[in-house]
Amino acid sequence: MTGKKQNDMETKKLTRVDYIFRPDNTCLDTLKKSLRRDRDEIILELIDSGLKGRGGAGFLTGLKWKLAKEAAGDVKYVICNADEGEPGTFKDREILDRVPRRVFTGMALCGYVIGSKEGFLYLRAEYKFLAPKLMSIMAEMNQEFKKLGLDFTLNIRYGSGAYVCGEETALIDSMEGRRGEPRNKPPFPVTEGYLNKPTVVNNVETFVNCTIIMGIGAEEYKRFGTDSSRGFKLFSVSGDCSKEGIYELELGMLLSDFVEEFGDGDTKAVQVGGASGFCVPRKKFNQTIIGFEGIPTGGSMKIFNSSRSMYHVLHNYLEFFEEESCGQCTPCRVGCQQLLKGIEAVKSKQRSSSYLDELVKLAKVMKVASKCGLGQSVGNAFVSIVDNFREEIIY
Amino acid sequence: MANTEMLVKELADKYGRNRESLLPILQELIDERRYVNDETMINVARELDLSAAEVYGTASFYSFIETEEVGKYVIRLCKTIVCDMKGKENVLQAIENTLKIKVGQTTADKKFTLKTTNCLGWCHKGPAMLINDEVYTELTPGKAIDIIESYINK
């Protein structure tokens with residue numbers, strides 16, 4: 001399955017796989033089997049699988065579980081981050097709708113491994129329509145855990161319309177009944193999380209992958225992907241696209257292959273990783289790997305064709321960030337406002353085009369000076385769009 | 001409203017009086033009353049032994065916790081890029097013309113409030129909107145008007 005080498009980087013051909021959406025009725029067998037295994041052995045297998053968090057940040061999942069297991073404390077928590085708010089991402093909704101048992105099994109596994117008795121699904125308010133079904137499956141699973149002798153209970157909590165709560169410490173603040181304002185790290189949630197107890201926060205798809213790895217084994221899992229990006233991933237594909245939707249693909253493909261498969265033949269740019277990700281122009285498609293060695297993504301792939309104004313795209317993103325910034329740190333709060341005002345001023349000729357260079361500097365300052373991932377990543381879209389489509393921003 | 005006081009008490013009994021009960025209580029108040037006014041927030045503060053400012057500070061942080069009066073049905077039309085590319089503006093105009101209100105306003109009969117919101121997670125089926133918790137996707141101006149009319153007649 002290994003494709004051509006590009007700059008000595010291993011790449012993979014675009015390959016569809018089918019693990020995540022398989023019927024989830026065998027998940028309990030996987031759990032039963034895993035509960036007979038040693039906790040450290042499970043951690044080692046997860047680390048060996050190379051699984052990295054599927055929310056976008058890409059921390060090694062096995063290591064996260066190991067840190068939480070080793071953290072001192074009798075009370076620990078497992079949280080599933082279902083606050084899927086990154087523009088262009090909709091795969092977690094589909095997972096929760098179609099294979100929730102695979103998610104809950106992953107959470108129970110984590111509970112067993114780290115020694116937690118309580119897990120929470122933090123579901124964004126926008127997905128509340130899923131709640132009745134999820135709660136009934138949760139109740140059923142809680143019964144099954146009891147039967148298996150596993151002291152672990154699943155609960156549900158809701159967001160209330162705040163993108164920043166997808167950031168794990170903001171999510172924890174929100175669960176504690178506060179404004180969703182990210183905390184300084186360290187301490188990390190694995191040592192001081194919910195109610196200051198050791199807490200694992202993983203994305204929906206990450207828990208699903210843990211269940212899959214326990215089912216098929218790390219060896220089989222490692223056949224997929226590249227050294228830096230093991231396994232497969234769900235991609236939420238939208239925009240000017242021949243077939244929008246959710247696709248499960250092996251990691252490590254070239255963006256050019258992706259565009260060939262999903263583009264409409266007139267693709268000008270792809271925004272990889274949502275509003276907080278990077279904009280890749282056509283001329284760089286064949287040098288860009290989708291994965292941790294290239295551009296990582298939580299799954300959001302937005303395709304723009306030549307009819308789209310990249311000024312309009314950037315303006316839309318900046319409005320988004322300006323609204324969703326929690327406002328506690330100045331670089332992000334003021335930076336988002338100034339970037340938005342700035343491109344409007346350049347477009348309307350109140351400012352000269354060289355002002356864009358000042359704005360790029362500001363975006364870079366935000367990257368180092370902002371407190372959390374939100375402010376730190378505004379510059380990703382900003383700089384990549386301004387660099388590659390400067391004339392569209394000015395004229 | 002003694003009514004509100006009772007409801008807040010009930011919810012505190014149900015969810016507990018810890019700080020982490022605050023959001024679930026506010027969320028259920030929204031389900032019941034559509035918005036939380038000053039009086040309600042003061043009640044919650046008293047019940048949970050928090051300052052009213054803490055309650056307001058938390059409530060006002062979240063875009064789905066309304067602290068001003070809204071209609072029985074809150075329409076939230078997604079304005080993020082892909083829905084925008086797929087014609088959200090025309091859908092918005094159709095809704096505005098049907099309800100005779102602009103974004104941010106509530107109809108005179110207090111039945112509808114119209115808002116725009118950020119990514120709803122339906123980009124592949126945009127434009128999308130929520131009416132309270134209900135999702136509507138692949139909207140066209142005509143389809144949106146039909147949906148709104150079905151609520152007018154509710």
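Below is a table of values for the structure above.
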quantity: Partner chain coverage, peptide B:77-88 - average Cβ within 10 angstrom; calculated: 6
quantity: Long-range Cα-Cα pairs in region B:1-151 (distance over 19 Å), rounded percent; calculated: 56
quantity: Unit Cα scatterers, Debye sum, region A:169-216: log10 I(q)/I(0) for q = 0.18, 0.29, 0.31 Å⁻¹; calculated: -0.61, -1.01, -1.07
quantity: Positive minus negative residues near residue A:150 (Lys, Arg vs Asp, Glu; Cβ under 11 Å); calculated: +2
quantity: Cβ-based net charge around residue A:229, under 12 Å, with every Lys or Arg adding one and every Asp or Glu removing one; calculated: +2
quantity: Placed amide H near residue A:121: partners under 5 Å, 5+ positions off or other chain; calculated: A:80, A:155, A:156, A:157
quantity: Region B:73-152 shape via C-alpha gyration tensor axes, a/c threshold 1.5; calculated: prolate
quantity: The protein assembly as shown: calculated mean residue ellipticity at 222 nm from DSSP helix runs of at least 4, using -39500 (n - 2.57); calculated: -13500 deg cm²/dmol
quantity: Under the Debye formula (equal points on every Cα, no solvent term), log10 I(q)/I(0) of region A:309-395 at q = 0.11, 0.12, 0.20, 0.24 Å⁻¹; calculated: -0.25, -0.29, -0.82, -1.16
quantity: Long pairs among B:88/B:110; A:185/A:283; A:341/B:102; A:133/B:9, criterion Cα-Cα beyond 31 Å; calculated: A:185/A:283
quantity: Spatial separation of Cα centroids for region A:295-315 and region A:378-392, in angstrom; calculated: 11
quantity: Pairwise Lys count, region A:1-119 - Cα closer than 17 Å, eight or more residues apart or different chains; calculated: 12
quantity: Shape call, region B:4-61: gyration tensor on alpha carbons, a/c limit 1.5; calculated: rounded
quantity: Kirkwood Rh in Å, taken over region A:58-161 so that all alpha-carbon pairs contribute; calculated: 14.4
quantity: Span from the region B:1-36 Cα centroid across to the region B:95-123 one, whole angstrom; calculated: 26
quantity: Summed side-chain charge close to residue A:139 - residues other than residue A:139 whose Cβ falls under 14 Å, Lys, Arg +1, Asp, Glu -1; calculated: +2
quantity: With all protein chains modelled, accessible area of residue B:109 [1.4 Å, Å²]; calculated: 110
quantity: Percentage, to the nearest whole number, of Cα pairs in the protein assembly as shown over 29 Å apart; calculated: 54
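The values are calculated or read from the model by the stated rules, or taken from the named source; none is laboratory data. Predicted model only: the values in this text are computed from it and were never measured. Here Cβ is always computed from backbone atoms with ideal geometry, including for glycine, and neighbour counts include all displayed protein chains. Keep in mind that these areas ignore ligands, DNA and RNA; they rest on the heavy atoms of the full protein, side chains included. Shrake-Rupley method; radii C 1.70, N 1.55, O 1.52, S 1.80 Å.
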